[in-house]
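Student: Okay, handing you the structure first.
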Amino acid sequence: MLTHYVLAFLATAVTHLVLGIFVYINGRTRLTNITYALYSVSIAWWSGLEVLAVTALNAETAIFWWRLNHVGVIFIPIFFVHFVISLLEPDRRIQRQDFVNVIYLFGIISLVLDVLPILIREVVPKFSFRYFINPGPVYSLFFTLWVGLAIYGLIELFKIYARSSGARRNQLTYFCWSMFVAYLGGIPNFLPTFNIEIPYVMPFGTYAIPLYALATAYAIVRYRLMDIHTAIRRTTVFMVVYVLLLGFPLLGALTWQVELERWFGYRWWVVLWVVGAPVATAAHYVNMHFQRKAEQRLMRKHRQYHSTLLQASKEMTQIRDLKRLLGLTLRLITRTVGLSHASVFLSEVRENEQQFVLSAYRYRRFVDMSMQVPNDNPLIQVLEKIREPIVLEEFRAKAGEKISRNGHEDIQQQAIAQMETLNASVVVPSFIQDRLMGFFVLGERRDNRLFTTEDLNIFTTLANQAAVAIENARFYEGERQRQAALFHAASLASLGTMASSMGHQVNNRFNVVSVVASGQKAKLKALLGREDMDLLALQKATQECASQFDSLIEEALKGGQVVAAIRRIARPSTEGRKPLELKAAIQAGIDVAQYKIHMGEIDLTLDLPSDLPQILGDLSQLGEVFLNLVDNAYDAIKAKDTLLKPTGYRGRLKIAAGQTGNEVLVTVADNGLGIHDKDRDRLFVPFFTTKATSEKGTGLGLYVIKQIVEAHEGTIQIDSVYGDGTTFTIRLPIAPMEAAVGVNQIP
């Protein structure tokens, strides 16, 4: 049994010493890390020196090691309790400060007693031990207080667990049980002090201490306040492989040492070394194999959503619509990771101040719609300083430690308050170089699991890719607005060239109204002025007046149609591109053109199938395209009739449309004058025109047409023969099955 006792304590000493140093290095300023590191080192001190004490060859050496060993024993529950208190909320932690001072005073007093024989009186042979402690008069009191502190720490830890919720509760589950098992395996090792023999199975129970301590400490450092499942999996696989391949053979060799010496002589250990070397090498590869298998089995979903998020981050820069981009990002994160909610705040200038404004969200009940975060907000200052995701629970713990040391609230506490207002479990900044473009607010995971470091790395990558995509989308949106302004200006200019004909159309309606109204007024006035007016004459005059009202109504409707046609073309676009019937855009252009040109002088043919698929377009802009094409065709027809004077000539204009693959193809063909070869390459150049006067054309018509078509992701081509006519061919992509997201609420 002594062999197992020594091996168990050696394993405990080594693992706790390494992990204590590791925990401290990864959190030198955090009270939680410092106290846990001291707790681990005190366990390593106790277990390591106990090995030296129980294997000492004489009493003088043994009592020296036992007393030195108890330096670690004394501080195990003290550091444990201080560690548990470091997990409390800042105000509770401050309230327990006096108690912390008391337990450290207990530790100092115990150190003084440790060098005197009143704590450890002597060492004597006990049971299977060569030398074990004979307690002094105060040892029982010391041990009672020692156990009391350990129990107090466990109770407080379970209380913290009971008050916690969500991800923190999930993480504390492992803390509670690992600490409980550690004390359950450690306290029975003090039984021989009170002349109680350790049960034979207890050394084997001590082997569990390194495993649970390893899982807990690894979670603190590697996953901070994150998910511990990966740590447990890796540790379990490692321990099982090495215990089976190395641990059991080594224990067997030590147990049957006498038989091995009889078979192989006093150099039996050489045989053990020769066999053990390849087995140790094999153990490494076996461990790697089972680690991969476990990773594939337990982390399949985890890897899948990481791959999805990374792939999405690469595709973001291809999306130019800002709302659609934000919608895709939030929907992807919430569905893939399984978040309760998410939102994004982007930097904008509001009321002459730089602010971060809620730009998109998913799940409205978690969001304050009026929320804006000023540029000088503490949360923004912290994000610009640390430039990495902030986890609320971890950040709260760090800020609480500063309050404990400084006694006042600082900028970190104000940042925490802002995160709580935003209902944020994690805030992920989005940077372009040194400029904070915005930040993502992420809620808790619906499965209550904790975010891993890998999760945060993925979120950081996603946020930085989103920053580039947002910048591109904003630039594209600005460019789209500038184009829309250009198109609108060109549309007004086009209407300006039609002003006289448009005015004539409107004046005709007003003239009819004026003539009819004046005539009827004169007749009624004359009739009412007669003294011999009879009922029959009044009835006849009223019927004539009523019939004239029909003419007034008809002219008013025609005037309204003129205004409506102009408005469809002239009003600026506010809704952007949306699913649209191409026939509506063609008709909008023709409706306006008929008030400028004499449609009765040409033969107009429309070949527009009723089942033509929709395109994604802007009605006013595309209406402007077909207005200009019809107007140009009419001018070309009139020019041919004037210049060439062909016999029996009558102008023809045909507009046809059809589907070719994933595009709608539109042709506008006329039999007008056509275009000289020397002019064809300059048709789409701004301010180039073949028309005689500026009243006829400004030279911007075809240029704007080309810009509008290309803004709709289409193409335009021209085929013309001078004297025979011209054909314009326009190709526009069919609208996708699902319209782009156009609202802040992401479904």
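The values are calculated or read from the model by the stated rules, or taken from the named source; none is laboratory data. These figures come from a predicted structure and were not determined experimentally. So basically every Cβ, Gly included, is an ideal-geometry build from the backbone, and we count neighbours across all protein chains shown.
Student: In the range 424-469, what count of residues is obtained for those that are assigned to a loop (DSSP other than H, G, I, E, B), of a type outside the set (V, I, T) and over 14 Å from the mean Cα position of the chain (by Cα)?
Tutor: The number of residues fulfilling the criteria is 7.
Student: Taking V625, is it among the aliphatic types (A, V, I, L, M), farther than 19 Å from T727 by Cα and crowded, with 22+ Cβ neighbours inside 10 Å?
Tutor: No: the conditions fail for V625.
Okay, residues lined up against (1) buried (at least 17 other Cβ atoms within 10 Å of the Cβ); (2) outside any strand (DSSP E or B); (3) touching a residue at least 24 places away in the same chain (Cβ under 8 Å):
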| residue | (1), (2), (3) |
| --- | --- |
| E122 | no, no, yes |
| F132 | yes, no, yes |
| P137 | no, yes, no |
| A150 | yes, yes, yes |
| I155 | no, yes, no |
| K159 | no, yes, no |
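Student: Give the range 691-733 a look and list any residue that's buried (at least 18 other Cβ atoms within 10 Å of the Cβ), among the β-branched types (V, I, T) and either at pLDDT below 60 or over 14 Å from L629 (Cβ atoms) (or both), or say none.
Tutor: T698
Student: What pairs come up if the first residue lies in the range 66-85 and is of a type in the set (S, T, N, Q), the second is assigned to a helix (DSSP H, G or I), and their beta carbons are under 9 Å apart, counting only those six or more places apart or on different chains?
Tutor: Listed pairs, sorted by first residue: N69/W45; N69/W46; N69/S47; N69/G48; N69/L49; N69/E50; N69/L52; N69/A53.
Student: Please go through the range 87-101 and give me each residue that is assigned to a helix (DSSP H, G or I) and either under 15 Å from Y152 (Cβ atoms) or out of contact with any helix residue (DSSP H, G or I) (no Cβ under 9 Å at 6 or more places or on another chain) (or both), ordered by number. Steps first, please.
Tutor: Taking the range 87-101 first, the residues assigned to a helix (DSSP H, G or I) are 90-95, 97-101.
If the condition is that a residue be assigned to a helix (DSSP H, G or I) and either under 15 Å from Y152 (Cβ atoms) or out of contact with any helix residue (DSSP H, G or I) (no Cβ under 9 Å at 6 or more places or on another chain) (or both), then R92, Q95, D98, F99, V100, N101 are the ones that fit.
Student: Please specify each residue of the range 30-66 satisfying the condition of being more than 24 Å from L113 (Cβ to Cβ) and hydroxyl-bearing (S, T, Y).
Tutor: Listed by number, the residues that qualify are T32, Y36, S40, T55.
Student: A further question on this structure: Can you name every residue in the range 443-463 that is more than 21 Å from T421 (Cα to Cα) and surrounded by fewer than 17 Cβ atoms within 10 Å (Cβ to Cβ)?
Tutor: The answer is D447, T453, E454, N457, T461.
Student: Same structure again: Starting from residues that are out of contact with any strand residue (DSSP E or B) (no Cβ under 8 Å at 6 or more places or on another chain) and farther than 21 Å from Q614 by Cα, keep the ones in the range 643-672 and report whichever is modelled with the highest pLDDT.
Tutor: Restricting to residues being out of contact with any strand residue (DSSP E or B) (no Cβ under 8 Å at 6 or more places or on another chain) and farther than 21 Å from Q614 by Cα, the top hit is Y649.
Student: Identify all residues within the range 603-635 that are in contact with a Lys or Arg (Cβ under 6 Å, 6 or more places away or on another chain) and modelled with pLDDT of 90 or more; write none if there are none.
Tutor: Matches in the range 603-635: D603, T605, L608.
Student: Could you say whether any residue in the range 438-460 is among the small types (G, A, S) and either touching a Lys or Arg at 6+ places or on another chain (Cβ under 7 Å) or within 14 Å of F395 (Cα to Cα) (or both)?
Tutor: Looking through the range 438-460, none of the residues is among the small types (G, A, S) and either touching a Lys or Arg at 6+ places or on another chain (Cβ under 7 Å) or within 14 Å of F395 (Cα to Cα) (or both).
Student: Among the residues in the range 163-184, are any β-branched (V, I, T), out of contact with any strand residue (DSSP E or B) (no Cβ under 7 Å at 6 or more places or on another chain), under 30 Å from L339 (Cα atoms) and part of a helix (DSSP H, G or I)? Steps first, answer last, please.
Tutor: The initial filter retains those residues of the range 163-184 that are β-branched (V, I, T), namely 173, 181.
Of the ones still in play, those that are also out of contact with any strand residue (DSSP E or B) (no Cβ under 7 Å at 6 or more places or on another chain) are 173, 181.
From the residues that got through so far, the ones that are under 30 Å from L339 (Cα atoms) too are 173.
Then drop every residue that is not part of a helix (DSSP H, G or I), which leaves 173.
Yes - at least one qualifying residue is present in the range 163-184.
Student: For L105, which of the numbered conditions (1) surrounded by 17 or more Cβ atoms within 10 Å (Cβ to Cβ); (2) under 26 Å from I160 (Cα atoms) fails to hold?
Tutor: (1)
Student: From (1) surrounded by 14 or more Cβ atoms within 10 Å (Cβ to Cβ); (2) modelled with pLDDT of 75 or more, pick out the condition that doesn't hold for Q354.
Tutor: Only one criterion is unmet by Q354, namely (1).
Student: Could I ask something else about it? Among the residues of the range 426-442, write down those that are among the polar types (S, T, N, Q) and crowded, with 24+ Cβ neighbours inside 10 Å.
Tutor: At the first step, the residues of the range 426-442 found to be among the polar types (S, T, N, Q) are 430, 433.
Listed by number, the list holds a single entry, S430.
Student: Okay, next question. As an exercise: evaluate P117 against (1) modelled with pLDDT of 90 or more; (2) outside any loop (DSSP other than H, G, I, E, B) and give the number of the one condition it does not meet.
Tutor: (2)
Student: Also: Just to be sure I understand the filter: pairs with C-beta atoms under 6 Å, separated by 6 or more residues or on different chains, first member in the range 581-604 and without any contact (Cβ under 8 Å) to a residue 60 or more places away in the chain and in a strand (DSSP E or B), second member surrounded by 16 or more Cβ atoms within 10 Å (Cβ to Cβ) and of a type in the set (G, A, S). Which pairs pass?
Tutor: Close Cβ pairs (under 6 Å, with a partner that is surrounded by 16 or more Cβ atoms within 10 Å (Cβ to Cβ) and of a type in the set (G, A, S)) amount to I602/G651.
Student: Residues in the range 646-663: is at least one loosely packed, with under 14 Cβ neighbours inside 10 Å, of a type in the set (A, V, I, L, M, F, W, C) and in contact (Cβ under 8 Å) with a residue 24 or more places away in the chain?
Tutor: So in the range 646-663, the residues loosely packed, with under 14 Cβ neighbours inside 10 Å come out as 646-650, 658-662.
Then keep just the ones that are of a type in the set (A, V, I, L, M, F, W, C); that gives none.
No, every residue in the range 646-663 fails to be loosely packed, with under 14 Cβ neighbours inside 10 Å, of a type in the set (A, V, I, L, M, F, W, C) and in contact (Cβ under 8 Å) with a residue 24 or more places away in the chain.
Student: Of everything in the range 614-672, what is assigned to a helix (DSSP H, G or I) and among the charged types (D, E, K, R)? Give them in sequence order.
Tutor: Result: E624, D631, D635, K638, K640, D641.
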